[in-house]
Structures are given as C-alpha cells and as structure tokens.
Amino acid sequence: MTISIPAHRTDLVWLKDALNDELMLLDHRLRYLDVELQVRRLESVITDARRSVDVLAGISPESPELVYWCGFIARGTAALFSLARRPERVRWGLLGKDRTLVGAPTSRSLQSPFWLTGFWLAWASRDAASLELLVQAPAELIAADEAFDRPVVQLMQAAMTGSPAIGDLLVEALELADPDLLRRTDQDWLLDILTPVFECLYPLIEHDEARFTAALTKLLDLRREYFEAGRAKGMDSVQHLSEEGVGLVAWAKALGFDVPVASPYLPPALVDVEPSEVAACPECATPSAQGDLECHACAHPLGDDALRFDFDEWLGLDRDECCQCGYRYPPIAPKCPVCFHRR
C-alpha cells in the first residue's frame, strides 16, 4: 500500500506567474554565461536554478527539465567545492559547453546548505561524479555559521563511504543541532526540516526499510506543517521540491529498498530516474561525467581504460582507508583521489 503525503497549498495562478518570472531571470543569466565563466556568475545561476526547480516541481512534476536542472545544480556545486580544494581544476562541462572557471568560490557557496543541496540533487539526478566529488571535499572547506554545519557534512560523507565513524558522527550532529545553540538558523527550520533527515539516515544505514518509510513519512509531514504554518515567506514559501526527500528516496532505491511513499514533494521525474552507467578514473576510481577529458580528482587523462559499473554496483563498492589521509576509496584504485598517495 502506498502512503500518500499531501503538500502545502499554493495558489497555482501565482505559481505559474512565479515560474515564468524565474525562467525569464534564468534565461537572462544564461545569455551572459561565457566560455570563460566567472565563478560569481556560476553561483548566481545555481541559486536561480534552485528557485526555478522548486516552482517547476509544483507545476510540472513529470517534466524532464527537473532532471536537467537538478543535474546542473549538482554539477555546478561539485565544481565549486572541487575548485576550492584544487584551484587548478578550472575546466568543466556545464550547460552543454566546456567552460573555464575564473575566480575563486565565495564563502556563500561554500556553506553547508549549498553543499547539502548539491549532494541531495546529485542523488536525485543519479550523478555519481558529482556525488563522489562532494564526498571528497574536506569539511574544513565549509564556511560554518552554526556548530552543526561541518559535522552534518561529515555525517553525509561518512554514510556514503561506509566509515565506521558514522555512529559517532550522527551523535555529534544531533547534539550540535540543538535549538539552544543556534546563532543564525531558524529554530523551526532546524526541527522541522533538518533534524528529520537524521532520523531517515540511521535506518538507511541499517537497511531497515520499515523504519526508513516511517521516518520519510514524518519528514514529509513536518515539511508540510512547516510551510502551512507560514514560517517561510516570499519565494521561500514555495519549495515544492523536498531535496532531502528525493535524495533519500534515490539513495534507498539504490540500496534495494521498496519505498511506498508518494507526495507532491517527491516529483516522479526525479523519483523514477534511471541511472546511467558509471565510468570511473582507472587511477583513483572517481566517476567522471560524459565529455570529461581528465579526472576532476587526480587529473588523470580519461580514455578507453575507464572502469565501468552499474550505478548500484558503484555505490556498493568496498572502500578502505588511505594510510596517509584517511579518505575511504575503492581498493581497485591504485591511488587515493584526495592526497594522491599510491597503495
């Protein structure tokens, strides 16, 4: 039996007008995207695209444009964090063109919410390359506003790599996500939007389908209550896409879960994405995107010697720790993608 979770109500006429406005703004920005792309302009387009995706999810939940724009947001976010980690990684395929990034990422685009959006939408679009690059980003890069910002990112990274530290990180993130410790974050957002993600993560790691379904249902219910209570204003009140929800559903499906939950917050265009084959660097096993000429982790030239996996197979690869930096990567790779130490 499918559990149906309704979304908060929005005036559809207003929503369509908002979509037209957002798409016009996005189209205007795209016209000024040069092959040599200023990083600040990329950051602005990512932000605009995220707003457009929220509105589009409410009007056309089956639109393939959702997958396209979520994929761009994930790819652009991975590019920003990779650039912050390795300033020489300036060449990226973005929006159908090979581009050279100019400048350095600002602190705004290195905040925890920016990373989390890229992470969840990489899951939503089944983008293994962006997922892995975001997981490789050191938590020290996160421009932290709250005590929990870096631990939350570390928690997601540990869950992806199968780190034995996952339990301790989950406890730390929960302890630091204390309403009494907040400096800038809205308390209701913390309790209704972020904390339910932790409750979904544990059964996901433990492969407990029933508890995951219950936690996901609670996450979507709390989201509806948050927006129905009018706690978000203006364009922030739209948010018809639960990026956490679609990311968690994609993750659960990749692990073989049956997820009997339906909601307007989980648009079918993203829930039903069929993953593509994963092509990975033969040196460090970092997945690459179509058209990449070199690995964005280790700069190894990419060619016919790529490692190839089904998406679920790639996700299930064993990982062990690098003896130099501690990053967990597949033992089939001769070189660590973070510190480049050879086995």
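Of everything in region 305-319 that is under 26 Å from Leu83 (Cα atoms) and surrounded by fewer than 13 Cβ atoms within 10 Å (Cβ to Cβ), the residue that is farthest from the chain's Cα centre (by Cα) is Asp305.
Here the condition is being modelled with pLDDT under 95 and crowded, with 16+ Cβ neighbours inside 10 Å; of Asp186, Asp192, it holds for Asp192 alone.
Consider region 268-302 and keep the residues that are assigned to a helix (DSSP H, G or I) and under 17 Å from the mean Cα position of the chain (by Cα). The one that is farthest from Leu216 (Cα to Cα) is Ala269. Kindly check whether there is at least one residue in region 231-244 that is basic (Lys, Arg), assigned to a loop (DSSP other than H, G, I, E, B), surrounded by fewer than 22 Cβ atoms within 10 Å (Cβ to Cβ) and free of Cβ contacts under 8 Å to residues at least 40 places away in the same chain. Checked region 231-244: at least one residue is basic (Lys, Arg), assigned to a loop (DSSP other than H, G, I, E, B), surrounded by fewer than 22 Cβ atoms within 10 Å (Cβ to Cβ) and free of Cβ contacts under 8 Å to residues at least 40 places away in the same chain.
Just one of Thr185, Thr195 is over 30 Å from Glu294 (Cα atoms) and outside any helix (DSSP H, G or I); which is it?
Working: Thr195 fails: outside any helix (DSSP H, G or I).
Being over 30 Å from Glu294 (Cα atoms) and outside any helix (DSSP H, G or I) holds for just one of Thr185, Thr195, which is Thr185.
Scan region 314-343 for residues that are in contact (Cβ under 8 Å) with a residue 12 or more places away in the chain and not in a loop (DSSP other than H, G, I, E, B) and the total you get is 5.
With respect to Thr117, is the statement that it is within 27 Å of Glu175 (Cβ to Cβ), among the hydroxyl-bearing types (Ser, Thr, Tyr), modelled with pLDDT of 95 or more and surrounded by fewer than 24 Cβ atoms within 10 Å (Cβ to Cβ) true? Full working, then the answer.
Values: within 27 Å of Glu175 (Cβ to Cβ): yes; among the hydroxyl-bearing types (Ser, Thr, Tyr): yes; modelled with pLDDT of 95 or more: yes; surrounded by fewer than 24 Cβ atoms within 10 Å (Cβ to Cβ): yes.
Considered against the rule, which asks whether it is within 27 Å of Glu175 (Cβ to Cβ), among the hydroxyl-bearing types (Ser, Thr, Tyr), modelled with pLDDT of 95 or more and surrounded by fewer than 24 Cβ atoms within 10 Å (Cβ to Cβ), Thr117 comes out as yes.
For the structure I just gave you, tell me whether Ser276 is of a type in the set (Ser, Thr, Tyr), surrounded by fewer than 18 Cβ atoms within 10 Å (Cβ to Cβ) and out of contact with any Asp or Glu (no Cβ under 7 Å at 6 or more places or on another chain). Against the criterion (of a type in the set (Ser, Thr, Tyr), surrounded by fewer than 18 Cβ atoms within 10 Å (Cβ to Cβ) and out of contact with any Asp or Glu (no Cβ under 7 Å at 6 or more places or on another chain)), Ser276 qualifies.
The values are calculated or read from the model by the stated rules, or taken from the named source; none is laboratory data. Predicted model only: the values in this text are computed from it and were never measured. So basically every Cβ, Gly included, is an ideal-geometry build from the backbone, and we count neighbours across all protein chains shown.
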